[in-house]
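Undergrad: The structure that follows is given in the form of structure tokens.
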Amino acid sequence: MRALFISLFLISFFSFGQIGKISGTVKNNLTNEPIPFAKVILVGEGKGAITFDDGTFLLDSLQPGLYTVKFSSSGFIDQILTEQNVTNARSLFLEIRLEPIVVEQKEVVVKADAFVKKAESPVSMRTLNSTEIERLPGANRDVSKVLQALPGVALRASFRNDIIIRGGSPGENKFYLDGIEVPNINHFATQGSSGGPVGLLNVNFIREVEFNSSAFPVNKANGLSSVISFKQKDGNKDALITNFALGSSDAALTFDGPLGKKADFIFSARRSYLQFLFAALQLPFLPTYNDFQYKVNFKVNEKNKVTFIGLGAIDDFKLNTKVNDKVDDPETREFNEYILGNIPTQDQWNYTVGMNWLHYSKNSYQTFILSRNMLKNIATRYFQNIETDENKLLDYSSFEAENKFRFEHLKNVNGWKFMVGFGYEFVHYNNSTFNRIQIGGTPVTVDYTSDLFLSKYSVFSQVNKNFFNDRLGLSFGLRSDVSDYSSSLLNPLDQISPVLSARYVISEKWSFNSSIGRFHQLPAYTILGYRNTNGDLVNKENNIKYIRADHYVAGLEYLTEKDSRLTVEGFYKNYTRYPFSLKDSISLANLGSDFGIIGNEEISSISTGRSYGAEFLYQQKLYKGYYGIVAYTFVTSEFKDKDDQYVASSWDSRHSVSLTGGKRFKKGWEIGLRWLFSTGAPYTPYDIATSSLKQVWDLRGQGVLDYNRLNTERESSFHQLNFRVDKKIYLQKINMDFYLDIQNMYGYKTTVAPTLLLQKDEQGNPLTDPNDPNRYLTKEVANTSGIVQPTIGVVIEFTTKKKVK
């Protein structure tokens, strides 16, 4: 560690100051026409520029660092971009689109601030820029973990990236990448949900994250808890840039640059080395992941732009069956044997490819989006890991393929903004399942194949308008979704999703915001494609429905003069028609926080639930070198059990606190801290009587939960401190970022749900219950979570080839 900091000091001492530049265009958001003579100001720097006749501008001779840039022009709403990173190796190119002001009666002065606002989502919308994403302590440049710094997002003492928002399950979130839907953003995804342990998106691509926990725009619906939109960076316009990043678990290589005069690209490949680390640590499993990502922009002309994106992953999860050959500690050996006895091997790959064509007309623009995504999931497990047919416990293979088209038309008429559109999806789902399970203590074999084709249709419209000299903003949206999976899902009136949002500006600093809406989501394909031994689509016969959630949100916002804001929001969500497991007699809303498959069983759309609470947010953009986020969430999440009584759901997090702050110093140094606290999560205790049956344990390799006592226990509260220090170095054509990131700095251990194990003799053989030869002797072992996790990482970026003029 000492050598690292000495090296950084020497490099910093011998480096020399370089200059960077900001260039770009300023255009009318509705027509894409250039805006001449617009002002471009570097806030607090005493420097600026005026756009030329073609809307272009140039700010050069800039020292490397972060800048706040303000754009203004008569007749348009000002726009402010904070924390724009300027380096010597990469020029910064900004494409700015200003919204025109429509004056009704008298002159209106619209002041800009550092926070994005949208008429259709005045509440429950947060944004994070690329700088905020990269520097969050403890996140290790993982976009999924960065979201946990925002209010409404639960904190868990877990290694997984499950995004739990306002008491909803991870399967209730929808993700969009440059307007194209991506089913999952994590490696080793839980099929039928959206969680996983490692983020899939490369942070080098991300320009901004727009996070909506309610008031979803109607063109990006089908989520019940959130719609999360990732806006990607464009390729560098001037030269080919190479970026190499080495972190705690993987290495990534990224290239971006121009492709002639009208196109640019960005491409990355990443591979993990966790399998080597886990083998060295003598862990019983060996995960490996790879991912690929690209984006290509092609500017056809001033009225047409086409964007191509791609995202893919290859994941391999194998068992380290020889792990105990070098392990002497009996407790470690026992834990390893337990893991090896119940976790399947898994091979998984997925991809999303898409095209977004943006066409500008007079006072309007149209968007055509075409995409395809696919998931392939294979899992196998054998008794005692002896791979023979008679020892086979699980042999699962499935794929989900979606082909999607969406059209949107947006037009502005005298201050009224209209958006209309429609969508179509063609789906192919295939499943081959052999699974030996237990039901009520009796072994049952599930063996079926399913091949399912279905179509989905949607229509949507939204209108926005400001009144009373922009004091009152209203937005109303309407959407309907149908599917030909069954006749009950073809009725468009049964899936009507209206949403009404309002924003009232009380004063220059205060505003009141509210929203009420109904949202629908089609159940997972694992549910739709499930068949019984006769080959019948059981859940189709059970008249499965779209899941429904009604949202009610209201809150206040206060803006300061120092690029910060405070918001307080209250929310209530009411769930109906949620899938209910007929095998386990629980709502599927309680599942999704583990590996495997969710929904591959018979269900009925009868579950109901509710989630309610309040949030507080203080967000300080970079101001005089300081930044911070204070987020507090109180939430109660409940679903009715089989006795029609409300009980805590698995996502009932109650109190969550996230305190993030940092300081940027001179000469490229930066320090950040993040402290987390959360009430412990509910869990369901074991059914010891059923679990100890030999025929049950030999099938599962783990305990059976007692759903008669659903979520009656709770893990202990947890807290931890994350720390990060960065040193950025700018040479002539090279930028370097060395960082030290420490998760759980003071090593706090929290008590989580216990593990049920078998009692064994000195030779490691399971002990039989002396009072019942059909049962094993079991024991519950206390379980804790929390270790100090230090990471030393480096990001190197350099110019390799200048653009050919």
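The values are calculated or read from the model by the stated rules, or taken from the named source; none is laboratory data. Computed from a prediction, not measured in an experiment: that's the story for all the values here. Cβ: placed from backbone, ideal geometry, glycine included. Neighbour counts: every protein chain shown. Just the protein is used for accessible areas: all its heavy atoms, side chains included, with ligands, DNA and RNA removed. Shrake-Rupley method; radii C 1.70, N 1.55, O 1.52, S 1.80 Å.
Undergrad: Return the pairs, sorted by first residue and then second, in which the second residue is of a type in the set (Ser, Thr, Tyr), the first residue lies in the range 358-375 and is without any contact (Cβ under 8 Å) to a residue 40 or more places away in the chain, the beta carbons are less than 9 Å apart, and the residues are 6+ apart or on different chains.
TA: That search, which allows pairs on different chains as well, returns Arg372/Tyr351; Arg372/Thr352; Met374/Tyr351; Met374/Thr352.
Undergrad: Related question: For the range 238-262, enumerate the residues that are charged (D, E, K, R), in contact (Cβ under 8 Å) with a residue 24 or more places away in the chain and surrounded by fewer than 18 Cβ atoms within 10 Å (Cβ to Cβ).
TA: Passing the criteria: Asp238, Lys262.
Per-residue answers, yes or no, for (1) more than 30 Å from Ile80 (Cβ to Cβ); (2) open to solvent by 10 Å² or more (accessible area, probe 1.4 Å); (3) modelled with pLDDT of 90 or more:
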{"residue": "Phe159", "(1), (2), (3)": "yes, yes, no"}
{"residue": "Ile164", "(1), (2), (3)": "yes, no, yes"}
{"residue": "Gly167", "(1), (2), (3)": "yes, no, yes"}
{"residue": "Val182", "(1), (2), (3)": "no, no, yes"}
{"residue": "Pro197", "(1), (2), (3)": "yes, yes, no"}
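Undergrad: Looking at the range 737-750, can you tell me whether even one residue there is surrounded by fewer than 16 Cβ atoms within 10 Å (Cβ to Cβ), touching a Gly at 6+ places or on another chain (Cβ under 8 Å), touching a residue at least 60 places away in the same chain (Cβ under 8 Å) and closer than 30 Å to Ser649 by Cβ? First the steps, then the outcome.
TA: Applying the first criterion (surrounded by fewer than 16 Cβ atoms within 10 Å (Cβ to Cβ)) to the range 737-750 yields 746-747, 749.
Next cut, touching a Gly at 6+ places or on another chain (Cβ under 8 Å) only: 747, 749.
Narrowing the set further to residues that are touching a residue at least 60 places away in the same chain (Cβ under 8 Å) leaves none.
No.
Per-residue answers, yes or no, for (1) modelled with pLDDT of 90 or more; (2) open to solvent by less than 40 Å² (accessible area, probe 1.4 Å):
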{"residue": "Leu8", "(1), (2)": "no, yes"}
{"residue": "Gly17", "(1), (2)": "no, no"}
{"residue": "Thr25", "(1), (2)": "yes, yes"}
{"residue": "Thr31", "(1), (2)": "no, yes"}
{"residue": "Phe37", "(1), (2)": "yes, no"}
{"residue": "Leu42", "(1), (2)": "yes, yes"}
{"residue": "Lys47", "(1), (2)": "yes, no"}
{"residue": "Asp54", "(1), (2)": "yes, no"}
{"residue": "Ser72", "(1), (2)": "yes, yes"}
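Undergrad: Hey, another quick one. Of the residues in the range 317-376, how many are closer than 30 Å to Arg700 by Cβ and assigned to a loop (DSSP other than H, G, I, E, B)?
TA: 8
Undergrad: Give the residues of the range 603-645 that are surrounded by fewer than 18 Cβ atoms within 10 Å (Cβ to Cβ) and among the acidic types (Asp, Glu), sorted by residue number.
TA: Correct list: Asp643, Asp644.
Undergrad: Among the residues of the range 24-50, which ones are assigned to a loop (DSSP other than H, G, I, E, B), touching a Pro at 6+ places or on another chain (Cβ under 9 Å) and closer than 13 Å to Gly75 by Cα?
TA: Asn29
Undergrad: Among the residues of the range 768-787, are any over 29 Å from Ala689 (Cβ atoms) and modelled with pLDDT under 90?
TA: Yes: the range 768-787 contains one or more residues that are over 29 Å from Ala689 (Cβ atoms) and modelled with pLDDT under 90.
Undergrad: Hey, another quick one. Is it the case, given these coordinates, that Arg141 is among the charged types (D, E, K, R), under 23 Å from Val788 (Cα atoms), in contact (Cβ under 8 Å) with a residue 24 or more places away in the chain and crowded, with 22+ Cβ neighbours inside 10 Å?
TA: yes
Undergrad: Here's a check for you: in the range 525-567, which residue that is surrounded by fewer than 22 Cβ atoms within 10 Å (Cβ to Cβ) and hydrophobic (A, V, I, L, M, F, W, C) is modelled with the lowest pLDDT?
TA: The residue in question is Leu559.
Undergrad: Spot the failing condition for Ile339; the list is (1) over 30 Å from Arg436 (Cα atoms); (2) open to solvent by less than 70 Å² (accessible area, probe 1.4 Å), and only one is missed.
TA: (1)
Undergrad: Here is a follow-up. Name the residues in the range 650-692 that are β-branched (Val, Ile, Thr), open to solvent by less than 30 Å² (accessible area, probe 1.4 Å) and in a helix (DSSP H, G or I), would you?
TA: Result: Thr690, single match.
Undergrad: Give the number of residues within the range 697-716 that are under 7 Å from Thr684 (Cβ atoms) and aliphatic (A, V, I, L, M).
TA: The total comes to 2.
Undergrad: Hey, among the residues in the range 447-502 that are of a type in the set (Lys, Arg) and open to solvent by less than 60 Å² (accessible area, probe 1.4 Å), which one's farthest from Gly529 (Cα to Cα)? Reasoning before the result, please.
TA: Step one: of the range 447-502, the residues of a type in the set (Lys, Arg) are 456, 465, 471, 479.
Those still in the list that are open to solvent by less than 60 Å² (accessible area, probe 1.4 Å) too: 456, 465, 479.
Details: Lys456: 15, Lys465: 43, Arg479: 26 Å.
The selected residue is Lys465.
Undergrad: Considering only residues that are surrounded by 23 or more Cβ atoms within 10 Å (Cβ to Cβ) and closer than 22 Å to Glu83 by Cβ, look in the range 212-229 and name the one that is nearest to the chain's Cα centre (by Cα).
TA: Among residues in the range 212-229 that are surrounded by 23 or more Cβ atoms within 10 Å (Cβ to Cβ) and closer than 22 Å to Glu83 by Cβ, the one nearest to the chain's Cα centre (by Cα) is Ile228.
Undergrad: Here's another thing I want to ask about it. For the range 99-147, enumerate the residues that are of a type in the set (S, T, N, Q) and modelled with pLDDT under 85.
TA: Hits for the range 99-147 are Gln105, Ser121, Asn140, Ser144.
Undergrad: Among the residues of the range 391-429, how many are open to solvent by less than 40 Å² (accessible area, probe 1.4 Å), over 26 Å from the mean Cα position of the chain (by Cα) and aromatic (Phe, Trp, Tyr)?
TA: Qualifying residue count, the range 391-429: 1.
Undergrad: Does the range 265-280 contain any residue that is closer than 23 Å to Ile787 by Cα and within 21 Å of the chain's Cα centre (by Cα)?
TA: Yes: the range 265-280 contains one or more residues that are closer than 23 Å to Ile787 by Cα and within 21 Å of the chain's Cα centre (by Cα).
Undergrad: If we scan the range 350-360, do we find a residue that is among the aromatic types (Phe, Trp, Tyr), under 29 Å from Ala782 (Cα atoms) and more than 29 Å from the chain's Cα centre (by Cα)?
TA: no
Undergrad: Only one of Phe317, Phe308, Phe276, Phe265 is closer than 18 Å to His187 by Cβ and touching a residue at least 12 places away in the same chain (Cβ under 8 Å). Can you tell me which?
TA: When all the criteria are applied, what remains is Phe317.
Undergrad: Within the range 724-736, track down each residue that is surrounded by fewer than 19 Cβ atoms within 10 Å (Cβ to Cβ) and assigned to a strand (DSSP E or B).
TA: Once the filter is applied, which keeps residues that are surrounded by fewer than 19 Cβ atoms within 10 Å (Cβ to Cβ) and assigned to a strand (DSSP E or B), the range 724-736 yields Val725, Ile729, Ile734.
Undergrad: Quick check: anything in the range 289-298 open to solvent by 50 Å² or more (accessible area, probe 1.4 Å), over 16 Å from Gln348 (Cα atoms) and not β-branched (Val, Ile, Thr)?
TA: Yes.
Undergrad: Same structure, new question: Please enumerate the residues belonging to the range 375-399 that are basic (Lys, Arg) and within 13 Å of Phe434 (Cβ to Cβ).
TA: Answer for the range 375-399, where residues must be basic (Lys, Arg) and within 13 Å of Phe434 (Cβ to Cβ): Arg381, Lys392.
Undergrad: Just wondering, is there one or more residues in the range 166-177 that are in a loop (DSSP other than H, G, I, E, B), under 21 Å from Ser650 (Cα atoms), within 14 Å of the chain's Cα centre (by Cα) and of a type in the set (Asp, Glu)?
TA: No, the range 166-177 has no match at all.
Undergrad: Mind checking which residues of the range 713-734 are more than 27 Å from the chain's Cα centre (by Cα) and closer than 30 Å to Val788 by Cα?
TA: Of everything in the range 713-734, those that are more than 27 Å from the chain's Cα centre (by Cα) and closer than 30 Å to Val788 by Cα turn out to be Glu713, Lys727, Lys728, Ile729.
Undergrad: To continue, here is another question. Checking the structure you have, find out if any residue of the range 533-542 is on the phi > 0 side of the Ramachandran plot and not basic (Lys, Arg).
TA: Yes, because at least one residue in the range 533-542 is on the phi > 0 side of the Ramachandran plot and not basic (Lys, Arg).
Undergrad: Could you check the range 526-583 and list, in sequence order, the residues that are under 30 Å from Glu120 (Cα atoms) and of a type in the set (Val, Ile, Thr)?
TA: Hits for the range 526-583 are Ile547, Val553, Thr560, Thr567, Val568, Thr576.
Undergrad: State whether one or more residues within the range 770-792 are assigned to a strand (DSSP E or B), surrounded by 17 or more Cβ atoms within 10 Å (Cβ to Cβ), β-branched (Val, Ile, Thr) and more than 33 Å from the chain's Cα centre (by Cα).
TA: Yes, some residue in the range 770-792 is assigned to a strand (DSSP E or B), surrounded by 17 or more Cβ atoms within 10 Å (Cβ to Cβ), β-branched (Val, Ile, Thr) and more than 33 Å from the chain's Cα centre (by Cα).
Undergrad: Still on this structure, I have one more. For the range 693-716, state whether one or more residues are closer than 30 Å to Asp264 by Cβ and open to solvent by 40 Å² or more (accessible area, probe 1.4 Å).
TA: No, there is no match, as no residue in the range 693-716 is closer than 30 Å to Asp264 by Cβ and open to solvent by 40 Å² or more (accessible area, probe 1.4 Å).
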